[in-house]
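Working notes for the structure below.
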Amino acid sequence: MAEIEKINLPYEGIRHYVIENLRKSGASFEFKNFCANLAKLLIDKKAVKDPNPVGFQGVNFNLSIRDENIVREIIWDFIIQRVITIGDYNNSSWPHLSLTEYGKKAIESSGVIPHDSSGYLKALKNTLPELDTIIETYLLESINTYNINQLLSATITLGCASERAILLIIDSYANTFRENEKSNIFRKKIEGRFIKTQFDEFQKSIKHGLSTYPYDLKENFDNTFTGVYQMIRNNRNDAGHPTGKQIDKDSLFANLRVFIPYCKYIYDLKKYLEENKHD
């Protein structure tokens, strides 16, 4: 079998293709076969050059020793994260591997998943090129700690990313009143207050005119905006106080998945407010 060139991608970039290959490999697989299939995937995606001469229809490829070792490290990361386990129905040891029940749900999910941190952030920044750097910093920290099963830390930092987004939309709302007097009145209600008080005042104020907003902003305000904010905030409060309450990994997985549409809604609302003054 022909060996492909070394993969000129950072660790997280190779991890992205490993996840894509996992989606094609089924519930169980053998390591060497997995690497050969990954090499073919990289060629098909034009991430590396086909080592065969032009016109030669090769179908079997190998990774370099260096890249195979990197894939082995990535697989081990997934074992630690409970996405993959060693063995399968017929074989109890390496090099046979299989997806855990949690891993099946994660890998088979459509769209981006937090296990693919580079793909997740790429999707978010493609959707929101103007993404605030503070949101990005806390969100990346949340993803990274989630992926090593530090669920309390991941929940708290996701809450910080959400809080920053909420403060941005509240500030935009305060700045876009038609009359300065009304803006000053609103600011007096939120200045120096806890985030919950600021959110409640914002929600109460904006709902007076929400019926005149574009359909998507109006229809998704309660579920995509308020609902996700409350869910993330409640989990952050549970994690941030010494209650002893355990954080459920599946719930945190869902929170990270919905953060992208949640954040997009906030930025869409922010843009609308900045282009349309309100009473």
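If a/c stays under 1.5 just call it rounded; otherwise compare a/b with b/c (prolate if a/b is bigger, oblate if not). Do that for segment 107-161, with a ≥ b ≥ c from the square roots of the Cα gyration tensor eigenvalues. Let's see the in-between values first.
Working: a/c = 2.43, a/b = 1.09, b/c = 2.23.
Taking the square roots of the gyration eigenvalues as a ≥ b ≥ c, segment 107-161 is oblate.
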Taking 22 Å as the cut-off for C-alpha to C-alpha distance, list the pairs among Lys182/Lys271; Lys189/Lys270; Lys122/Lys245; Lys125/Lys249 that go past it. Lys122/Lys245; Lys125/Lys249
Checking the a/c ratio against 1.5 first, then a/b against b/c, what shape does the Cα gyration tensor give for segment 1-155? oblate
If you take every DSSP beta bridge whose two residues both sit in the chain, what share of them, in percent to the nearest 5, is antiparallel? 65
Could you work out how far helix 133-146 tilts from the main Cα principal axis of the chain, as a 0 to 90 degree angle to the nearest 10? 50
Can you give me the angle between helix 65-80 and the longest principal axis of the chain, using Cα atoms only, in degrees from 0 to 90, rounded to the nearest 10? 50
Descending principal axes extents, segment 139-235, alpha-carbon based, whole Å: 49, 32, 19
Taking every DSSP beta bridge that has both residues in segment 1-119, what percent is antiparallel when rounded to the nearest 5? 75
Using a Cα-Cα cut-off of under 19 Å, which aspartates and glutamates could be cross-linked to Lys49, ignoring same-chain neighbours fewer than 8 residues away? Glu3, Glu5, Glu20, Asp67, Glu68
On the formula 1/(1 + (r/R0)^6), with r taken between the Cβ atoms of Ala2 and Asp216 and R0 of 51 Å, the FRET efficiency rounded to 0.05 is 0.55
Probe 1.4 Å, all chains present, heavy atoms only: Val112 accessible area in Å², nearest 10, is 50
Please work out the Kirkwood hydrodynamic radius for segment 152-195, using every pair of different C-alpha atoms, and report it in angstroms with one decimal place. 11.7
How large is the Kirkwood hydrodynamic radius of the chain, counting all unique pairs of alpha carbons, in Å? 21.3
Hey, how much of the P(r) for segment 175-279 falls beyond 22 Å, as a percent of Cα pairs? 41
Can you compute the helix-only [θ] at 222 nm over the chain? Use -39500 (n - 2.57) per DSSP H run of at least 4 residues, normalise by all residues, nearest 500 deg cm²/dmol. -19500 deg cm²/dmol
Putting +1 on Lys and Arg Cβ atoms and -1 on Asp and Glu Cβ atoms, find which of Ile148, Met1, Phe78 reaches farthest to the positive end of the dipole of the chain. Ile148
Give the angle, between 0 and 90 degrees and rounded to the nearest 10, that separates the Cα long axis of helix 151-175 from the longest principal axis of the Cα atoms of the chain. 40
Could you give the radius of gyration (one decimal) and Dmax (whole number) of the Cα atoms in segment 13-78, in Å? 11.8, 38
Only Cα pairs within less than 10 Å get springs; with that Gaussian network setup on the chain, which residue of Glu181, Glu108, Glu20 has the largest fluctuation? Glu181
Expressed as a whole number of Å, what is the distance separating the alpha-carbon centroids of segment 79-133 and segment 222-268? 20
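Chymotrypsin sites (Phe, Trp or Tyr not before Pro) within segment 107-196: which are DSSP loop residues with at most 15 other Cβ atoms inside 10 Å?
Answer in residue order: Phe194.
The values are calculated or read from the model by the stated rules, or taken from the named source; none is laboratory data. Just so you know, these numbers come straight off a predicted model, no measurement behind them. Cβ atoms come from the backbone with ideal geometry, glycine included; neighbour counts cover every protein chain shown. Surface accessibility is based on the protein's heavy atoms, side chains included, excluding ligands, DNA and RNA. Shrake-Rupley method; radii C 1.70, N 1.55, O 1.52, S 1.80 Å.
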